[in-house]
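Report on the following structure.
Values quoted throughout were computed directly from the atomic coordinates according to the rules given, and no laboratory measurement underlies them. The structure displayed is predicted, hence computed values, not measured ones. So basically every Cβ, Gly included, is an ideal-geometry build from the backbone, and we count neighbours across all protein chains shown.
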Amino acid sequence: MWPAVGLASAVAFIAGGIIGGLIGAGRTDSSRTASAPTITVEAAAPQVDPTIPATPDPVCAEWGPISNLYGAKLAEWSKSDSTIPATSWSLEQKALNFGIVPVLQAQADELNRLADKAQDPFLARLMREQALYEKEFASRISNYEPSDQALWRAVADYAGAIRATCLTVQPR
């Protein structure tokens, strides 16, 4: 399949070059320029071979305590009312929400560090995805709207998937 995609790409690029050359060759007025034609080649979606690992990924042993540490740091904040936009926060709510930003960013950095060490590519991807959503959520806190809570739900869902992945493979 990949050779076919490569061949199709090469043909498309050659055809585009010839057409672009013909368009440009017929012009004598240098103030007019022709834009190259846009050619789109669709690539096949990457194949995913999901499996349940037979042994625990060593990174899970490190992830557990880190996850618990950040969970404790987020405990008070997680009890706050997520339906209130930043424009209506009291001084206490502002302090709580702005104070959590570095914690969220640090947790995302830890997740990326752990993902780099993970042996299971699925687990590594879950960690990177959680970090991505967490950093995006942190970037929105200063202008928080209740609709931003969907990002936080994604963070929590990824955390749950990481937890399940780590616990599923632990020996009985």
Subject >> Distance (nanometres) between label positions extended 7 Å along Cα→Cβ at THR83 and VAL103 >> reply: 2.3 nm
Original post:
What number comes out for the charge environment of ILE84, summing +1 per Lys or Arg and -1 per Asp or Glu over other residues with Cβ under 12 Å away?
Top reply: -3
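Can you give the net charge of the other residues whose Cβ lies under 15 Å from the Cβ of LYS73, counting K and R as +1 and D and E as -1?
Details: positive: LYS79; negative: GLU76, ASP109, GLU110, GLU134.
Once all neighbours under 15 Å are counted, the net charge is -3.
Please find the FRET efficiency linking LYS94 to GLU62, where r is the Cβ-Cβ separation and R0 is fixed at 30 Å, and quote it to the nearest 0.05. Can you show the working numbers first?
Working: r = 34 Å, r/R0 = 1.13.
That gives a FRET efficiency of 0.35.
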Subject >> Mean Cβ count within 10 Å, highest first, over the residues of peptides 116-129, 82-95, 136-149 >> reply: 116-129, 136-149, 82-95
Original post:
What list of ³J(HN,Hα) values in whole Hz, one per residue of the stretch 104-111 in order, does the Karplus curve 6.51 cos²θ - 1.76 cosθ + 1.60 (θ = phi - 60°) give from phi, with Gly and Pro shown as x?
Top reply: 4, 5, 5, 5, 4, 5, 4, 4
Subject >> Radius of gyration, Dmax [the stretch 42-142; alpha carbons; angstrom] >> reply: 17.0, 52
Original post:
How high is the relative contact order of the stretch 95-172, given as a whole-number percent (alpha carbon pairs under 8 Å, six or more residues apart)?
Top reply: 30 percent
